[in-house]
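The values are calculated or read from the model by the stated rules, or taken from the named source; none is laboratory data. In this text the structure is predicted, and so the values were computed from the model without any measurement. We place every Cβ from the backbone using ideal geometry, glycine too, and count neighbours over all the protein chains shown.
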């Protein structure tokens, strides 16, 4: 089986079959990662450039490790230490990189739609590693992989996405994916952090009371408050946010049931999650990090082999 698309620009563009193929391929690669020798020759002689115009730790390291585990040749590009800082355009930068015979580009950019723009102008396969407040497809895929691994299913699963929905590309990709795979979704948080269109456009529940959202769900995917993307104050203070919308052990114990806690990272400890929750028995946050390598290996492998 092959993917229906040459690029991984967003979950919006994937079919249900594409998503299932990536997740099943990731299961095979996760088995590889448990072996003493974790490297396979699947992408030998494939050259991949990691093109990051925004800061990243987890996503970048995860892609780099996935590429090395697949035996690809990798080239790392950081905008702040390149000619982009001198005013070179995105297209010029990429055309220069492609003249070095690059096969794939993993790209993070602060402008929504930047990977889509590139895909129309260059022959290399593009993977979107996060574009503005639009999408973060590999995060949604690894979240889905982690949910299915923990609960055994996606169809019919009740997932609450809690926090800064307005500025989160993770939220949008998760909403697209979970809808396609038959899960039920509720978004929860302060009214100022939930876009008005979210209920009408996606037909999902909006909840402003976090305890009610937690009582309803099987899985809580808690998002970081993205102060760097907020042009004006959208709530009174981080302390007030924690009191009203933060998740702590006492709140979880009051539910009378167990739920799964997830977070894409980095965590603002003491804001959206207290440490006793982030590090507690309900949390699969570190599983998400581990699964991210297998899922990105699957995406790279399938895109690289689509044209073969």
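State yes or no: is residue 212 out of contact with any helix residue (DSSP H, G or I) (no Cβ under 9 Å at 6 or more places or on another chain), surrounded by fewer than 17 Cβ atoms within 10 Å (Cβ to Cβ) and within 30 Å of residue 50 (Cβ to Cβ)? When the stated conditions are applied, residue 212 does not pass them.
Against the numbered list (1) surrounded by fewer than 19 Cβ atoms within 10 Å (Cβ to Cβ); (2) under 28 Å from residue 244 (Cβ atoms); (3) in contact with a strand residue (DSSP E or B) (Cβ under 9 Å, 6 or more places away or on another chain), residue 201 comes up short only at (3). Only residues that are assigned to a helix (DSSP H, G or I) and either modelled with pLDDT under 95 or under 25 Å from residue 169 (Cα atoms) (or both) were counted across the range 33-70, and they come to 10. Restricting 239, 224 to those that are crowded, with 19+ Cβ neighbours inside 10 Å, under 15 Å from residue 273 (Cβ atoms), in the same structural domain as residue 272 (by TED's automatic domain parsing) and modelled with pLDDT under 95 reduces the list to 224.
The rows are residues; the columns are (1) out of contact with any helix residue (DSSP H, G or I) (no Cβ under 9 Å at 6 or more places or on another chain); (2) within 25 Å of residue 14 (Cβ to Cβ).
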residue	(1), (2)
75	no, no
115	yes, yes
124	no, yes
141	no, yes
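For first residues located in the range 199-213 and free of Cβ contacts under 8 Å to residues at least 24 places away in the same chain, partners that are in a strand (DSSP E or B) and lie 6+ apart or on another chain with Cβ distances below 6 Å form the pairs 199/206; 205/186; 206/187. Answer yes or no: is there a residue in the range 243-252 that is within 22 Å of residue 141 (Cα to Cα) and surrounded by 15 or more Cβ atoms within 10 Å (Cβ to Cβ). Scanning the range 243-252 turns up no residue that is within 22 Å of residue 141 (Cα to Cα) and surrounded by 15 or more Cβ atoms within 10 Å (Cβ to Cβ).
Against the criterion of being under 19 Å from the mean Cα position of the chain (by Cα), modelled with pLDDT of 95 or more and in a loop (DSSP other than H, G, I, E, B), residue 141 does not qualify. Among the residues making up the range 144-171, those that are touching a helix residue (DSSP H, G or I) at 6+ places or on another chain (Cβ under 8 Å) and part of a loop (DSSP other than H, G, I, E, B) are 154, 157, 163, 164, 165, 166, 167. Counting the residues of the range 71-92 that are modelled with pLDDT of 80 or more, touching a strand residue (DSSP E or B) at 6+ places or on another chain (Cβ under 8 Å) and outside any strand (DSSP E or B) gives 2.
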